[in-house]
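The values are calculated or read from the model by the stated rules, or taken from the named source; none is laboratory data. As the structure is a prediction and not an experimental result, all values here were calculated from the model. Here the Cβ is made from the backbone with ideal geometry for all residues, glycine too, and neighbour counts use every protein chain on show. The area values use the complete protein model at the heavy-atom level, side chains included, leaving out ligands, DNA and RNA. Shrake-Rupley method; radii C 1.70, N 1.55, O 1.52, S 1.80 Å.
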Amino acid sequence: MTADGEPKSLSDITKDMGLNMSDVAAFSGLDESTIFRLWDNEEWLDRVSGRSLQSLMSSVPGIAEYSMAHAVRKRRDGLVADLQREGLAVDLAALENSPVAKQHLLNALEAAVHIMRGQATQKTSSFIARFWGREQDTALEALYSTESGHGLLVDPQKLFDSTIELAPRLNRKTYSFHSILALNILTHQVSKVTGELEADLGFEMPGRQTAFMMRGVVMGCLISSNDFELAERYRQELDATPVYAALEEWAFPTYSKDGRISSDFTLPSSLSLRNTAVEVLREIMVYSDAYLYYLASTYIPLALKRDPAFGGKLPELIQALRLRGADCRDRKTRQTCEALVRRLKSLA
């Protein structure tokens with residue numbers, strides 16, 4: 001069996017183990033006539049039934065691994081060809097060497113196919129909305145990345161252009177939960193790469209669609225830039241506009257899988273932020289100082305109202321804020337971290 005799933009016949013997979021057709025039939029419990037039909041056919045996986053495949057995987061070493069690798073390779077090759085037709089070249093080395101699960105990466109490539117085809121349909125919104133979550137977001141980040149050896153595309157510029165063209169058309173309906181999520185996800189990825197806030201996306205009195213899209217853009221900009229003014233404007237907007245605060249409180253726990261994604265953007269009255277705490281601790285250490293200011297001034301105080309124990313991670317949070325805050329050059333951010341640490345110590 002080849003590790004990359006290159007097509008091989010059943011006989012090729014088993015010959016190194018010294019198993020013949022009768023051996024495979026005996027171990028799997030299948031009729032020898034069934035094995036005979038599959039034996040020398042490199043496309044045997046397309047012909048075998050689900051029950052027969054389960055019998056083969058459970059009884060013959062290498063079958064399960066080959067089936068998995070072949071399915072992944074077949075889907076990969078199809079998506080690479082689809083994107084090639086849309087003018088995008090996939091960096092196969094980056095794809096194969098990525099630590100992200102291949103299935104997530106292939107899902108990201110399929111999202112690129114939807115985006116490049118420019119079909120502002122419910123199917124497109126629904127598919128892209130599934131990328132709300134840490135692991136899925138990491139895969140989509142690799143899709144949009146311009147970093148050589150990390151980005152899944154040799155040159156993602158056409159993807160940027162198609163995303164910017166598609167996003168407003170996903171937002172045509174007065175209310176669609178999937179379109180709201182999809183719009184947030186797409187604008188977040190583009191702003192994370194460009195670090196730019198579109199001039200026409202000013203803070204207004206928003207509905208959920210505008211508010212959630214705005215959050216995606218702001219988070220992307222804060223991650224990729226050091227815009228303290230933007231972080232402060234966002235904090236002020238949350239203080240003044242209830243819909244911003246409600247979406248901010250909902251976003252982290254659902255992204256981190258502490259709470260279920262709900263179309264009404266509500267959370268249970270009792271919720272432990274265990275996964276959210278782990279994600280926030282990670283972000284404190286890896287993102288920009290402006291993003292740190294956003295966490296310390298805006299999200300963490302909001303999260304503590306929901307879960308004063310912060311998922312059982314208060315000591316770790318205190319330590320992370322002390323370490324990162326001490327290294328921060330911005331005085332206001334340092335002071336905000338210090339004030340939050342004092343508050344957390346009273347809770348610990």
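Computed from Cα atoms alone, the Kirkwood hydrodynamic radius reported for the chain is 22.8 Å.
Computed in the context of the full set of protein chains, the accessible area of the chain at 1.4 Å probe radius has 49% of its extent on carbon or sulfur. Between residue 153 and 91, the built amide H atoms are under 5 Å apart, and every one of these is 5 or more places off in sequence or on another chain.
As an exercise, find the ratio Rg/Rh for the range 30-87 from alpha-carbon atoms, using the Kirkwood inverse-distance average for Rh.
Radius of gyration over Kirkwood radius for the range 30-87 works out to 1.11.
Computed over protein heavy atoms with a 1.4 Å probe, the accessible surface of the chain works out to 48 Å² per residue. Secondary-structure-derived ellipticity at 222 nm for the chain, considering helices only, amounts to -20500 deg cm²/dmol, per-run term -39500 (n - 2.57) for DSSP H runs with n ≥ 4. Scaled against the 2.2 N^0.38 Å expected of a compact globular protein of N residues, the Cα radius of gyration of the range 199-327 reads 1.02. Ranking 232, 65 by solvent-accessible area of protein heavy atoms (1.4 Å probe, all protein chains present), from largest to smallest, gives 65, 232.
Taking other residues whose beta carbon is less than 15 angstrom from the beta carbon of residue 116, and scoring Lys, Arg as +1 and Asp, Glu as -1, yields -1.
Solvent-accessible area of residue 21, all protein chains in place: 40 Å² (probe radius 1.4 Å, heavy atoms, ligands and nucleic acids excluded). Enter the Cα centre distance for the pair the range 226-268 and the range 1-50, rounded to the nearest angstrom. First find each Cα centre; the distance between them is then 53 Å. At q = 0.29, 0.32 Å⁻¹ the log10 of I(q)/I(0) for the range 300-344 amounts to -1.04, -1.15, computed by Debye summation with a single uniform scatterer per C-alpha, solvent ignored.
Would you work out which of 143, 302, 176 lies farthest towards the positive end of the dipole of the chain? Charges go on Cβ: Lys and Arg +1, Asp and Glu -1. Highest projection toward the positive end goes to 302. For the range 79-195, a/c is not less than 1.5, where a ≥ b ≥ c are the root eigenvalues of the C-alpha gyration tensor, and a/b tops b/c. That puts it in the prolate class. When the Gaussian network model of the chain links Cα atoms closer than 10 Å, the mean-square fluctuations of 24, 243, 218 top out at 24. Taking all protein chains as they are arranged and a probe of 1.4 Å, the heavy atoms of residue 76 leave approximately 30 Å² accessible to solvent. For residue 278, the solvent-accessible surface computed with a 1.4 Å probe is close to 80 Å², ligands and nucleic acids excluded.
Relative contact order of the range 129-190, taken over Cα pairs closer than 8 Å and 6 or more residues apart, is 34 percent.
Other residues lying with their Cβ under 11 Å from the Cβ of residue 150 contribute a combined charge of -3, Lys and Arg counting +1, Asp and Glu -1. Here residue 345 is the anchor, and the aspartates and glutamates within straight C-alpha reach of less than 13 Å, apart from those fewer than 8 places off in the same chain, are 316. Is the shape of the range 130-190 best called rounded, prolate or oblate, per the rule: a/c under 1.5 gives rounded, else a/b larger than b/c gives prolate, else oblate, with a ≥ b ≥ c the square roots of the Cα gyration tensor eigenvalues? Taking the square roots of the gyration eigenvalues as a ≥ b ≥ c, the range 130-190 is oblate.
Sequence gap at least 6, Cα distance under 8 Å: using those rules, report the relative contact order of the chain to the nearest whole percent. The value is 10 percent.
Is the range 235-283 best put as rounded, prolate or oblate by its Cα gyration tensor, with a ≥ b ≥ c the root eigenvalues, rounded for a/c under 1.5, and otherwise prolate when a/b is larger than b/c, oblate when not? Note, shape of the range 235-283 comes out oblate. Which entries of 74/158; 102/305; 257/313 have Cα-Cα distances beyond 28 Å here? From the list (74/158; 102/305; 257/313), the Cα-Cα distance tops 28 Å for 102/305.
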